[in-house]
Each structure stands twice: as C-alpha cells, then as structure tokens.
1. Could you tell me how many of the residues in region 1-27 are loosely packed, with under 14 Cβ neighbours inside 10 Å and in a strand (DSSP E or B)?
2. Looking for something of a type in the set (Phe, Trp, Tyr) and surrounded by 20 or more Cβ atoms within 10 Å (Cβ to Cβ) - is there at least one such residue anywhere in region 243-257?
3. Cβ-Cβ under 7 Å, sequence separation 6+ or interchain: first residue in region 61-84 and not assigned by TED's automatic domain parsing to the domain that holds Arg194 and of a type in the set (Gly, Ala, Ser), partner surrounded by fewer than 19 Cβ atoms within 10 Å (Cβ to Cβ) and in a loop (DSSP other than H, G, I, E, B). Which pairs?
4. Identify the single condition in (1) buried (at least 19 other Cβ atoms within 10 Å of the Cβ); (2) outside any loop (DSSP other than H, G, I, E, B) that Ala387 does not satisfy, given that it satisfies every other one.
5. When region 39-55 is examined, which residues are found to be in a helix (DSSP H, G or I), at pLDDT 90 or above and either more than 19 Å from Pro71 (Cα to Cα) or not basic (Lys, Arg) (or both)?
6. Identify the residue in region 370-383 that is crowded, with 20+ Cβ neighbours inside 10 Å and assigned to a helix (DSSP H, G or I) and, among all such residues, is modelled with the lowest pLDDT.
7. From the list Arg357, Arg419, Arg367, Arg345, pick out the single residue that is at pLDDT 80 or above and basic (Lys, Arg).
Amino acid sequence: MAIVIGLVAHTSHRAVFEEAARTLSGVRLEWVLYEHEDEIRPRVQELLGREQLNGLLLGQVPFTRSRDLLPADLSVTVTKSAGLDLSIAFFRALARGRPATPVSVDTFDPETVDEVVQALELDRDQVACLPYDPGQSVEEIVDFHRRFRERTGAAYAISLRTAVTARLAGSVTVLNALPGPATIRANLHELALRIQSRQASGQRFAAGVFLVVTQDSQADLDRARIGLMNLLVNTPEFSDAWIEDRDRRGVVVFAHKALFEHVTHNWVSLPILARAQDSLGIRLAAGFGVGASARTCVQLAEWAASRAEQESVPSAYLVEDSGVIIGPMSGPVSDAGSPLAFTYRDHGGDLEGLARRAGLSPATLSRLAALERSLEGRLVSPSDLAAALGITDPSGRRLIRKLSESGLVTEEGTEQMHRKGRPTRLYRLGIGSALMGETPPAEPTSSAEPTSSAEPTSSAEPTSSAEPTSSAEPISSAKP
C-alpha cells in the first residue's frame with residue numbers, strides 16, 4: 001500500500017507544498033487547506049475521520065490548533081522556517097530598496113535569528129524578535145510589530161503568520177518568510193523515511209506466549225488449553241498469525257510485530273485476557289518477544305510470560321532484544337482501546353451462512369471482516385486487499401469479483417498513483433452490514449467462478465482443521 005501523508009497548509013501556500021512534493025514517489029497526499037485559522041481544527045478532524053494516515057505534515061499554528069486530535073501513533077512533522085528562509089526575506093527587502101534593519105521578526109526562534117544576523121553582519125540590536133508562543137494571539141503579534149515601527153521607524157516587518165500579514169496590510173509592509181520548497185521538501189522526505197522505517201520495524205518477527213495460570217486438576221488444565229487455542233484461532237485479529245501448542249498449559253503465537261501492536265493497542269492493553277476470563281473462566285498470562293531470530297523471540301516471550309504470571313491479575317509483558325521492557329498490560333479494556341467487536345465464534349451460524357451464499361470459506365470471510373474493521377470505512381483496491389491477505393494480485397482481483405457477485409463489496413471510485421497507466425478501481429467492503437442484516441447478499445450466479453479458483457490461497461490461508469470446534473475437542477492443526 002502507498003504511504004498516505006496529510007498536508008495542512010494555508011490556501012495561498014499550496015503551490016509551494018506541491019513543488020516540494022514533486023520529487024516524492026510512492027506517497028499519496030491528502031490536503032487540508034484553510035483560509036482562516038479557525039478552520040484548521042474541524043478540517044483536520046474531518047481528515048482524520050476520513051483517512052487512515054501514516055503521517056501528517058503541518059506548521060506550528062495548525063499543530064497547536066489540532067494537537068489533541070492527533071492519534072498517539074501517528075508520525076507527525078511540524079514544519080518550521082529555517083535560517084535560509086529568513087535570509088531570503090532580508091535579501092528580498094534589500095532588492096526592494098529597503099534597509100535590512102531596523103526590522104521586527106515574529107515566530108522565528110531567537111537562535112535562528114542570531115545565526116542569520118551574525119552571518120549577514122547586521123546589527124542585532126536593530127532586530128526585534130518575538131518567538132512563537134502557542135498562547136499568543138494575532139492581536140499581540142500585530143501590536144508587537146506596530147510598537148516597534150513607532151519606536152524605530154522600521155520600513156518593514158518579517159512575519160510567518162498569514163493572519164498577521166492581513167491585519168497589518170495598509171499600515172506596515174510585511175515580508176513573509178514562510179518555509180520554501182527546499183525546507184518543506186527536506187521535512188517531507190524525512191517524514192516519509194520515518195514512516196517507512198516504522199513500517200519496517202512493524203514487519204520484524206515476533207512471538208507471543210499465552211499461559212494458563214495453573215489449575216487445580218490436570219483435566220481442567222487440558223480443557224483450558226484447548227479452549228485458549230480455540231479462542232485465539234477464532235479471533236480475526238490473529239488470522240495472519242501461526243498458532244501452535246507450546247506445552248500442556250499454553251500456546252505460542254508467531255506473527256509480525258505490527259500484528260501484536262494492533263492487538264495490544266500499542267502495548268497498552270490486551271482485551272483477549274479479559275475475554276478468556278469471562279468466556280472460559282481461566283486466568284491468562286501473556287508474554288511477547290521481539291528479536292533477531294525465532295528462537296530469541298520465543299525465549300524473550302517466555303521470560304515476559306513468566307514475569308506476567310507474577311501479577312495478581314491477568315496481564316502481559318513485552319521484552320525486546322534491545323532491552324526494552326513494557327508492562328504490565330492490563331486485561332480489561334481501558335480508555336486506550338476498544339474491545340474486539342467481532343469474532344468468528346460470536347457470529348457462528350450467521351457468518352457460516354453468509355460464507356456459503358458467497359461461495360467462500362468461513363475462515364476467509366472472517367479475515368475479510370477483520371480487514372473491513374481495520375479500514376474503518378476507507379476504500380480498498382484489489383492489490384491492497386491481496387497485500388492485506390497475503391495472496392497474489394490475480395487472486396485479489398478474483399476475490400473482488402466474487403464479493404461483487406455476492407453484494408459484499410461495492411465499487412466507489414478510482415485512484416491513479418502515477419501519470420501513466422490505467423486508474424485503479426477502489427471498493428468498499430460491506431461484510432459487517434450484511435452480517436447485521438442491513439444488506440442481504442445476492443445468491444451466487446451460475447456464471448460465478450468456482451470457489452476453488454476464486455478464493456485466495458496461500459501459506460497463510462486458514463485450513464478447515466482450524467475452524468471452530470468445541471472447547472473440549474482436540475485441534476488437529478493450530479494454523480489459523
């Protein structure tokens with residue numbers, strides 16, 4: 001999937017941002033443009049509700065206005081004008097026949113002003129600086145420039161605030177020192193690289209060990225372990241993980257680090273601990289390990305699970321080979337996350353019936369339902385769907401056709417990442433609404449492709465042996 005970065009900028013500055021982003025490829029930009037500062041917060045909120053962003057680039061004022069709206073796991077870069085931008089403003093003044101000093105400057109850091117003034121051999125006493133303060137009002141900045149002009153007779157002022165420039169129009173000449181393409185390009189490339197690094201870190205191999213805290217009898221212990229296995233196998237969030245027996249009282253889960261981050265709400269809480277206690281009546285201890293090899297991951301996860309066992313309530317720990325230890329993660333869902341709203345077991349017959357009508361296996365439909373929840377209403381292309389399920393692009397296109405025939409997906413737009421080539425069709429999944437009876441799916445037609453050819457197959461595809469069994473029945477294969 002392409003990286004999605006949001007750009008928050010004043011309408012008059014869009015051309016500069018577009019020039020800065022011209023050399024960036026593999027990134028889709030989502031714009032938030034504003035004329036007045038009061039428009040920033042609602043428009044950023046609308047963007048966050050509409051798109052799943054990988055990163056956000058915005059200035060100091062937009063950041064102040066929307067800071068509390070930004071998700072904790074969102075990569076954010078706050079653009080600041082550099083010394084180069086201030087120097088260009090000084091040279092622009094000289095080119096227009098104005099003396100370089102005296103001058104009043106707002107929003108720049110004093111250190112940047114000192115560096116530029118020294119490099120240009122200007123009189124520092126003739127340059128007034130008002131650093132950026134989140135609590136400053138536009139009126140205070142305007143008053144700062146006007147008072148300096150009255151005291152020194154300054155021919156102009158330098159500002160980074162479009163609202164200040166508009167307010168001083170007609171009384172004080174204002175030169176803007178907004179970030180130029182070079183400054184924005186550096187920030188944008190740094191943000192894209194940081195996002196890629198984070199995504200690569202999320203693909204690191206990891207292991208999780210789930211232990212049943214010792215029961216009174218051996219029979220109860222076996223039954224609890226089988227119930228735990230079923231609970232994990234039938235949870236869509238673990239559909240891309242490999243699950244197998246560890247010993248008589250626990251299981252081990254292998255997956256990418258990003259999967260465990262999602263399940264634990266960024267290592268804050270683990271709702272499945274509470275679900276095991278409520279539905280199975282067992283207390284779990286979980287440990288996660290992230291290392292350079294499978295052996296190291298399991299060793300770290302075992303150490304973390306042992307540490308979690310020492311807690312008096314269901315909990316989990318994370319141990320990384322770098323020495324990072326996080327825990328305890330709570331079992332009950334806190335404000336940091338929401339409970340798992342859907343599992344295959346919860347819907348049982350509804351999902352099985354929908355899968356039969358669509359010509360898909362319940363395991364595949366369960367994975368698609370989990371993907372739909374993670375998209376949060378966003379559109380998906382066939383290649384994105386294939387990447388999320390770990391199947392080939394042709395299999396992804398066949399699966400889209402299968403879902404279309406069953407009324408479980410609708411085409412709602414296109415996108416074109418490159419100038420050449422055909423636009424890519426975008427679709428909206430509708431499995432959740434179909435399960436709730438809002439959109440009854442159509443019966444497969446006779447022209448539909450056979451299930452075996454239309455359904456994605458890969459090494460990560462759940463097998464029939466991993467579908468739900470009773471909690472007391474042994475599982476022949478633990479691969480979801």
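The values are calculated or read from the model by the stated rules, or taken from the named source; none is laboratory data. Only a predicted model underlies this, so the values are computations on that prediction, with no experimental measurement involved. Backbone-built Cβ (ideal geometry, glycine too); neighbour counts: all protein chains shown.
1. Adding up the residues that qualify gives 0.
2. Here is the first cut: in region 243-257, the residues of a type in the set (Phe, Trp, Tyr) are 254.
Going one step further and asking which of them are surrounded by 20 or more Cβ atoms within 10 Å (Cβ to Cβ), we end up with none.
Scanning region 243-257, I find no residue that is of a type in the set (Phe, Trp, Tyr) and surrounded by 20 or more Cβ atoms within 10 Å (Cβ to Cβ), so the answer is no.
3. Partner pairs satisfying both residue conditions: none exist.
4. For Ala387, the failing item is (1).
5. So in region 39-55, the residues in a helix (DSSP H, G or I) come out as 39-50.
In the following step, the residues that additionally are at pLDDT 90 or above were identified as 39-48.
Within region 39-55, Glu39, Ile40, Pro42, Val44, Gln45, Glu46, Leu47, Leu48 qualify.
6. Kept after step one, since they are crowded, with 20+ Cβ neighbours inside 10 Å, are these residues of region 370-383: 370, 372, 380-382.
Narrowing the set further to residues that are assigned to a helix (DSSP H, G or I) leaves 370, 372, 382.
Numbers: Ala370: 77, Glu372: 83, Pro382: 86.
Residue satisfying both the conditions and the ranking: Ala370.
7. Details: Arg419 fails: at pLDDT 80 or above; Arg367 fails: at pLDDT 80 or above; Arg345 fails: at pLDDT 80 or above.
Testing whether each residue is at pLDDT 80 or above and basic (Lys, Arg) leaves just Arg357.
Every residue, every condition in (1) free of Cβ contacts under 8 Å to residues at least 40 places away in the same chain; (2) farther than 17 Å from Glu320 by Cα; (3) in contact with a helix residue (DSSP H, G or I) (Cβ under 6 Å, 6 or more places away or on another chain), yes or no:
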{"site": "Arg198", "(1), (2), (3)": "no, no, no"}
{"site": "Glu244", "(1), (2), (3)": "no, yes, no"}
{"site": "Gly250", "(1), (2), (3)": "no, yes, no"}
{"site": "Phe254", "(1), (2), (3)": "no, no, no"}
{"site": "Lys257", "(1), (2), (3)": "no, no, yes"}
